[in-house]
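Worksheet: one structure, shown below.
The values are calculated or read from the model by the stated rules, or taken from the named source; none is laboratory data. The model shown is predicted, which means the values in this text are computed figures rather than measured ones. Please note: Cβ atoms are built from the backbone with ideal geometry, for glycine as well, and neighbour counts cover all protein chains shown. These area figures cover heavy atoms from the full protein model, side chains too; ligands, DNA and RNA do not enter into them. Shrake-Rupley method; radii C 1.70, N 1.55, O 1.52, S 1.80 Å.
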There are 2 protein chains.
Amino acid sequence: MTAHGPQASEQNKRPNTGAAKRRILDAAARLFRQRGFARCTVRELADAVGIQSGSLFHHFKSKDDILFAVMEEVIVDIDAALAERLDEATTAEAKIRALIHTQLVFTHGPRANATAVLVHEWAALSTEGQAALLERRRRYFDRWHAVFLLARQDGLVNLDPTVLQQLLHGAVVWTAYWYDPDGPMTLDELESAALSLVLKSAPVS
Amino acid sequence: MTAHGPQASEQNKRPNTGAAKRRILDAAARLFRQRGFARCTVRELADAVGIQSGSLFHHFKSKDDILFAVMEEVIVDIDAALAERLDEATTAEAKIRALIHTQLVFTHGPRANATAVLVHEWAALSTEGQAALLERRRRYFDRWHAVFLLARQDGLVNLDPTVLQQLLHGAVVWTAYWYDPDGPMTLDELESAALSLVLKSAPVS
DNA sequence: AAGCCAACCAAGCGCTTGCTTGGTATACTG
DNA sequence: CAGTATACCAAGCAAGCGCTTGGTTGGCTT
């Protein structure tokens, strides 16, 4: 049952290296979200992956390190995804939509677990871990801020850009607690609803 | 279920009864918020109160019970505070303002710690604990919903009431993570900013 | 074929955890 | 005054925790 040992694959010299790590990270994101980091034990996590608890420490040097890895991965990816979307957006309105879209996709898409962990378990990270991720975090929010400065210049919004940015970010992040992607409302509809919140006038499309 | 122990009455025969409990609950709210429920130990909590860890269990039957008591107290109080504010508000706009105001005051006022614990540590509560608080929670959100149904009828807002309610609630709750009551922006200004978010047209006073 | 090394298991160590126990000081009550 | 209940302390227990250790396996390289 326990298929172990590397397998042959394309040109990769170490084809299976990292596959176990991947499964650990996915299970960790799911369990850390469901049960909380502190309440999730390494034995639980190992069971979910299908290995012994001690074997986890062959891939990560500590439980804290697993949390860090989960968070680092998602924070890097969401920042990259946002950067790409913003590049493709030309108008200020399209850029605000890109902000909302990216956050919503990460919050409710395939990366939902890791995203929730990033939001929820920040305080569980060690001081050094927080410091190591802070620059990425800042970069992500700088993008938000730049968009709202632009939108304000264009007269698209009529509140203090910083406040508006934070209120919108909260509204979107909070959807994790009530919005059901399998329910009647589509993500696109939710995106439009959030967008129309921050624009002065009538709702969009 | 908070044990009652000695009777508290008008002319309190045991003036100090309940004082220890009060200090435990306050310290617990603070520590559970700062460190998280799971990472905060009963020894830590006892130290903060100035008693031995074992003595905590004279007042509460378990650590879980302390969490429950913190949450129950704040959920009852915030619902009562909201009900009172809503009664005093006549127009739909004034009622929306009451929603925002109450949530903001609890999030940033003297009850900030317990409110943050209620939001953040819900998953740490036992199944029975959640069930026991669910009715109060529902009542609170029913008040939100009724206000937004009214606002929609009055043509004050132009989005689906349920979605708008959730988005606003998220925006306001999230202020816990960025708004500084000691900073340049007053709570009233923040309240107005949040209100103008959900109203269709120009910002309010 | 021999050697290497990543990937795993089985066992368990040292420590911390929530909580219990037995006892004491103090205060109120009949 | 004895009787009773409260509020606490000092000590420690059983369980569970993160993590370490020593050993085995099997594919890959040379």
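Summary of values
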| item | result |
| --- | --- |
| Top-ranked residue in region B:34-61 [being out of contact with any His (no Cβ under 9 Å at 6 or more places or on another chain) and within 23 Å of B:TYR177 (Cα to Cα); ranked as farthest from DNA strand D (Cβ to nearest atom)] | B:GLN34 |
| Flag if A:THR186 is more than 9 Å from every other protein chain (Cβ to nearest Cβ), closer than 30 Å to B:HIS145 by Cβ and open to solvent by 40 Å² or more (accessible area, probe 1.4 Å) | yes |
| Set A:LEU125, A:LEU156, A:LEU195: member being in contact (Cβ under 8 Å) with a residue 40 or more places away in the chain, more than 18 Å from the chain's Cα centre (by Cα) and away from chain B (no Cβ under 11 Å) | A:LEU156 |
| A:ARG143 being open to solvent by 70 Å² or more (accessible area, probe 1.4 Å), in contact (Cβ under 8 Å) with a residue 60 or more places away in the chain and within 17 Å of A:ALA81 (Cα to Cα) | no |
| So A:ALA151, is it without any contact (Cβ under 8 Å) to a residue 60 or more places away in the chain, aliphatic (A, V, I, L, M), closer than 21 Å to A:GLU189 by Cα and open to solvent by less than 40 Å² (accessible area, probe 1.4 Å) | no |
| Yes/no for A:TYR140 being aromatic (Phe, Trp, Tyr) and at the interface with chain B (Cβ under 9 Å from one of its Cβ atoms) | no |
| Flag for B:PHE106 being away from DNA strand D (no atom under 13 Å from the Cβ), out of contact with any Leu (no Cβ under 7 Å at 6 or more places or on another chain) and among the aromatic types (Phe, Trp, Tyr) | yes |
| Among residues of region B:168-178, those that are without any contact (Cβ under 8 Å) to a residue 24 or more places away in the chain and within 7 Å of chain A (Cβ to nearest Cβ), counted | 3 |
| Residue list for region B:25-44, filter: within 14 Å of DNA strand C (Cβ to nearest atom), of a type outside the set (Gly, Ala, Ser) and within 18 Å of B:LEU125 (Cα to Cα) | B:LEU31, B:PHE32, B:ARG35, B:PHE37, B:ARG39, B:CYS40, B:THR41, B:VAL42 |
| Residues of region A:62-90 satisfying the condition of being without any contact (Cβ under 8 Å) to a residue 40 or more places away in the chain and either more than 19 Å from A:ALA19 (Cβ to Cβ) or away from DNA strand D (no atom under 16 Å from the Cβ) (or both) | A:SER62, A:LYS63, A:ASP77, A:ALA80, A:ALA81, A:GLU84, A:ARG85, A:ASP87, A:GLU88, A:ALA89, A:THR90 |
| Considering residues of region A:169-183 that are open to solvent by 30 Å² or more (accessible area, probe 1.4 Å) and outside any helix (DSSP H, G or I) only, the residue nearest to B:VAL172 (Cα to Cα) | A:TRP178 |
| Among (1) part of a helix (DSSP H, G or I); (2) surrounded by fewer than 15 Cβ atoms within 10 Å (Cβ to Cβ); (3) within 14 Å of chain B (Cβ to nearest Cβ); (4) more than 19 Å from the chain's Cα centre (by Cα), the one test that A:ASP87 misses | (3) |
| Boolean, B:PHE32 is assigned to a loop (DSSP other than H, G, I, E, B), within 25 Å of the chain's Cα centre (by Cα) and within 18 Å of B:LEU118 (Cβ to Cβ) | no |
| Matching option when the condition is within 24 Å of A:ASP180 (Cα to Cα) and either more than 10 Å from chain A (Cβ to nearest Cβ) or more than 26 Å from the chain's Cα centre (by Cα) (or both), among B:PRO181, B:PRO161 | B:PRO161 |
| Test: residue in region A:117-124 that is β-branched (Val, Ile, Thr), surrounded by 14 or more Cβ atoms within 10 Å (Cβ to Cβ) and not in a loop (DSSP other than H, G, I, E, B) | yes |
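Residues checked against (1) modelled with pLDDT of 95 or more; (2) surrounded by 15 or more Cβ atoms within 10 Å (Cβ to Cβ); (3) under 30 Å from A:ASP142 (Cβ atoms):
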position	(1), (2), (3)
A:THR41	yes, no, no
A:VAL49	yes, yes, no
A:ILE66	yes, yes, yes
A:VAL70	yes, yes, yes
A:VAL74	yes, yes, yes
